[in-house]
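Laboratory data are not the source of any read-out in this text; all were calculated from the coordinates shown. Keep in mind that what you see is a predicted model, and the values were worked out from it rather than measured. Please note: Cβ atoms are built from the backbone with ideal geometry, for glycine as well, and neighbour counts cover all protein chains shown.
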There are 2 protein chains.
Amino acid sequence: MRPRNDSRPIGVFDSGVGGLTVLAELRRRLPAESTIYLGDNARAPYGPRPADEVRTFTLESVGWLLAQDVKLLVLACNTATAHALPLVRDVATVPVLGVVRPGAVSAAASTRAGHVGVIATAGTVASGAYAAAVGEADPRLVVTQLACPELVPMVEAGQLSGPVAEATVSGYLGDLFGADPLIDTLLLGCTHYPLLRPVIEQVAGPHVAVVDSAFTTALAAEDLLDVLGARTGQDGPGANRIVTTGDVATFSAVAATVFGAALPSVEQAVVAAV
Amino acid sequence: MRPRNDSRPIGVFDSGVGGLTVLAELRRRLPAESTIYLGDNARAPYGPRPADEVRTFTLESVGWLLAQDVKLLVLACNTATAHALPLVRDVATVPVLGVVRPGAVSAAASTRAGHVGVIATAGTVASGAYAAAVGEADPRLVVTQLACPELVPMVEAGQLSGPVAEATVSGYLGDLFGADPLIDTLLLGCTHYPLLRPVIEQVAGPHVAVVDSAFTTALAAEDLLDVLGARTGQDGPGANRIVTTGDVATFSAVAATVFGAALPSVEQAVVAAV
């Protein structure tokens, strides 16, 4: 057990900007906690990379975060969670939360019909991580996955609503519900997708529950701090650092398009000898 | 962080026999883990007792379990969780999981309409613990609670199905859905109630999701062991001890009525100088 009133920051890792949805939920839920976000934008996206490379890059990035003396590590990256979570847990000296399991558990709790749909990037779908995690929560559930390669570029271009977003989401969900009309719970298996949640909910209709990994992972982090007695003892707002391995101006521009003006200033770091 | 491959047992505490539903789910999910269950039957039920007394008795019981060198403590008792969880976390040297939060989080994930019903004992309803935990997960949700004092005695008498069980459950659920017809998620806020789940699901109908604290707490325990890297490294089935502070024959009779013949033999322990 860690000491009580642990004021060290929570480390949040993603290959790029998508994990900022998880960070935003963490900050909303736990405003007194300090956070350090690391985006490995210099090497993003991880999705198309071989699993070995994803593991190496994730370990390097996580090593940098651990060196900042974080008390909890959140892998806010589906690709890193799918390929490297057990490995990160082996090397980390602090608890490690992945982004897959909390959403999968919520989806398993949510479905009435026992039919869950998962939308994600091609890489996450190919990893089967969500299907496995939903099945681990409840083996009776039927899971149908669909890769939606156009959604991340659309979000990063700031297209979060309007006719293009609606048509694109409608196309994908039409395919998904065509493949399994019994789906009553839709799991957003990509950290970018919570930004499309209003459009997705509208297209999916009121009888489909939308489960969002950013929301569920932040909730799991809050719970974990309570279970471990590791919340900060400080009352004021926590400090927040955002760090990228890539170009600061590019990162800030995409992040601001997506997340608005409230983003803290962005720093740059080198996480590995390249 | 604990060392990897931690073969110490999981401690499970309840005031009586109800927590055996949580134990059963834990053993189903984590057959390689060892467990020690303590029922404080000599002083059960805790529900009608003043909060101060619940805290004292819980701390004494938990102290006994901690002395058995458990790696994780599950408060499988709604009354103890409602009144003593923060206190237990303050004194415990291991992570402590309550039985309220996992079910509340699942219920929050499950509802479409935003209306959650909670059935529990009078004491748990009066504590407001489930309503608070659901609201903490998502403050927009509307929670309606109903005390169902006849259900625990009915379960302990072995009445898990048939006309009496159906009529009793129908009466309660009629009141609950009468109070809020928009309820689409029903949270079983008492560890005895999972044994009535088939009847409850049948009476509630297919459009109401039933969320069961035993299932969700066991899932949370499994997840926590993964996050902490604290699963046992042993492959064979874990050892299971069941201990009561009360009369062994009485405990065994009620437990066997409810849980069948698979129950391990029951030991007796004294947890406090009375």
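How would A:His207, B:His83 line up from fewest to most surrounding beta-carbon atoms within 10 angstrom?
Least to most surrounded, the residues fall as A:His207, B:His83.
Nearest 10 degrees is fine. How inclined is helix B:51-67 to the longest principal axis of chain B, computing both from alpha carbons?
The two axes meet at around 40 degrees.
Calculate for chain B the 222 nm mean residue ellipticity that helices alone would give, adding -39,500 (n - 2.57) per DSSP H run of length 4 or more and normalising by residue count, nearest 500 deg cm²/dmol.
For chain B, the value works out to -14000 deg cm²/dmol.
Using +1 on the beta carbon of Lys and Arg, -1 on that of Asp and Glu, and nothing else charged, what's the dipole of the protein assembly as shown about the Cα centre, debye to 20?
Value, rounded to 20: 680 debye.
How long, wide and thick is the range B:114-177, going by the Cα atoms along their three principal axes, in whole angstroms, largest first?
The Cα atoms of the range B:114-177 stretch 38, 21, 15 Å along the principal axes, largest first.
State, as an integer percentage, the relative contact order of the range A:185-226 based on alpha-carbon contacts under 8 Å between residues 6 or more apart.
So the answer I get is 48 percent.
Positive end of the charge dipole of the range B:101-213 (Lys, Arg +1 and Asp, Glu -1 on Cβ, about the Cα centre): tell me which of B:Thr191, B:Thr111, B:Pro153 has its Cα farthest that way.
B:Thr111
In Å, what Rg and Dmax follow from the Cα atoms of the protein assembly as shown?
For the protein assembly as shown, the Cα radius of gyration and maximum Cα-Cα distance read 23.5, 72 Å.
With an 8 Å Cα cut-off and a minimum separation of 6 or more residues, compute the relative contact order for chain B in percent.
28 percent
Tabulate in residue order the Karplus-calculated ³J(HN,Hα) for the range B:109-115, using 6.51 cos²θ - 1.76 cosθ + 1.60 with θ = phi - 60°, rounded to whole Hz; enter x for Gly and Pro.
Calculated HN-Hα couplings, in order: 6, 7, 6, 8, 7, x, 10 Hz.
By how many degrees, 0 to 90 and rounded to 10, does the Cα axis of helix B:78-91 deviate from the longest principal axis of chain B?
Roughly 40 degrees, rounded to the nearest 10.
Counting only residues 5 or more places away or on other chains, whose amide H sits under 5 Å from the amide H of B:Gln145 once H atoms are built in the peptide plane?
B:Val118
Label-to-label distances across copies for B:Val248, with labels 7 Å out along Cα→Cβ, in nm, shortest first?
7.1
Which residue, A:Arg101, A:Arg28, A:Arg241, has the most motion in a Gaussian network model of chain A that connects Cα atoms within less than 10 Å?
So, out of A:Arg101, A:Arg28, A:Arg241, the one fluctuating most is A:Arg28.
I need the inter-copy label distances for A:Thr93: point set 7 Å along Cα to C-beta, values in nm with one decimal, smallest first.
2.1
Just to be sure I understand: with springs between alpha-carbon atoms less than 10 Å apart, which residue in A:Ser15, A:Ser213, A:Ser106 has the highest mean-square fluctuation in the Gaussian network model of chain A?
A:Ser106
Can you tally the net charge around B:Val155? Count Lys and Arg as +1, Asp and Glu as -1, for every other residue whose Cβ sits under 15 Å from the Cβ of B:Val155.
Within the 15 Å Cβ shell, the charges total -4.
Averaged over peptide A:109-116, how many Cβ atoms belonging to another chain are found within 10 Å of each residue's Cβ?
5
With point charges of +1 on the Cβ of Lys and Arg and -1 on the Cβ of Asp and Glu, referenced to the Cα centre of the protein assembly as shown, which listed residue (A:Val99, A:Gly171, B:Leu228) lies farthest in the positive direction of the dipole?
With unit charges placed on the Cβ atoms, the residue in question is B:Leu228.
Among A:Gly189, A:Gly98, A:Gly205, whose mean-square fluctuation peaks in a Gaussian network model of chain A (Cα, cutoff 10 Å)?
A:Gly205
Along Cα-to-Cβ, 7 Å out, sits the label point; list in nm, shortest first, how far the one on B:Ala272 is from those in the other copies.
Between copies, matching label points for B:Ala272 lie 5.5 nm apart.
Please tell me the relative contact order of the range B:142-274 in percent, rounded to the nearest whole number, where contacts are Cα pairs under 8 Å and at least six residues apart.
23 percent
Plugging the Kirkwood radius over Cα pairs into Stokes-Einstein for the range B:1-152, at a temperature of 4 °C and a viscosity of 1.567 mPa s, what D comes out in µm²/s?
Answer, rounded: 80 µm²/s.
Taking Rh as the Kirkwood radius, which is the inverse of the mean 1/r over Cα pairs, what is the Rg/Rh value for the range A:101-213?
0.94
Please report, to two decimal places, log10 I(q)/I(0) for chain B at q = 0.07, 0.08, 0.10, 0.14 Å⁻¹ as given by the Debye formula with identical point scatterers on the Cα atoms and no solvent.
Taking Cα atoms of chain B as identical point scatterers yields -0.23, -0.30, -0.48, -0.96.
Please report the projected area of the range A:140-274's Cα convex hull averaged over all directions, in nm².
Average of the hull's projected areas for the range A:140-274 equals 12.3 nm².
Using θ = phi - 60° and the Karplus curve 6.51 cos²θ - 1.76 cosθ + 1.60, what whole-Hz ³J(HN,Hα) does each residue of the range A:153-163 get, with Gly and Pro shown as x?
x, 5, 5, 5, 8, x, 8, 9, 7, x, x
Which one, B:Val143, B:Gln268, B:Gln202, is farthest towards the positive end of the dipole of chain B when Lys and Arg carry +1 and Asp and Glu -1 on their Cβ?
B:Gln268
Once the other residues with Cβ under 12 Å from the Cβ of A:Gln268 are scored (Lys, Arg +1; Asp, Glu -1), what is the net sum?
-2
What is the sum of charges, Lys and Arg at +1 and Asp and Glu at -1, for the other residues whose Cβ falls under 9 Å from the Cβ of B:Leu26?
0
Could you calculate, for the range A:1-80, the ratio of the Cα radius of gyration to the Kirkwood radius, expressed as Rg to Rh?
1.00
For a quick check: with amide H placed at 1.01 Å from N, whose amide H comes under 5 Å from B:Gln268's, ignoring anything fewer than 5 positions away on the same chain?
Those lying under 5 Å, H to H, from B:Gln268 are B:Thr244.
Please list, ordered by chain and number, the residues whose modelled amide H lies under 5 Å from the amide H of B:Ser34; skip anything fewer than 5 residues away on the same chain.
Here the answer is B:Ile10, B:Ala239, since their amide H atoms fall under 5 Å of that of B:Ser34.
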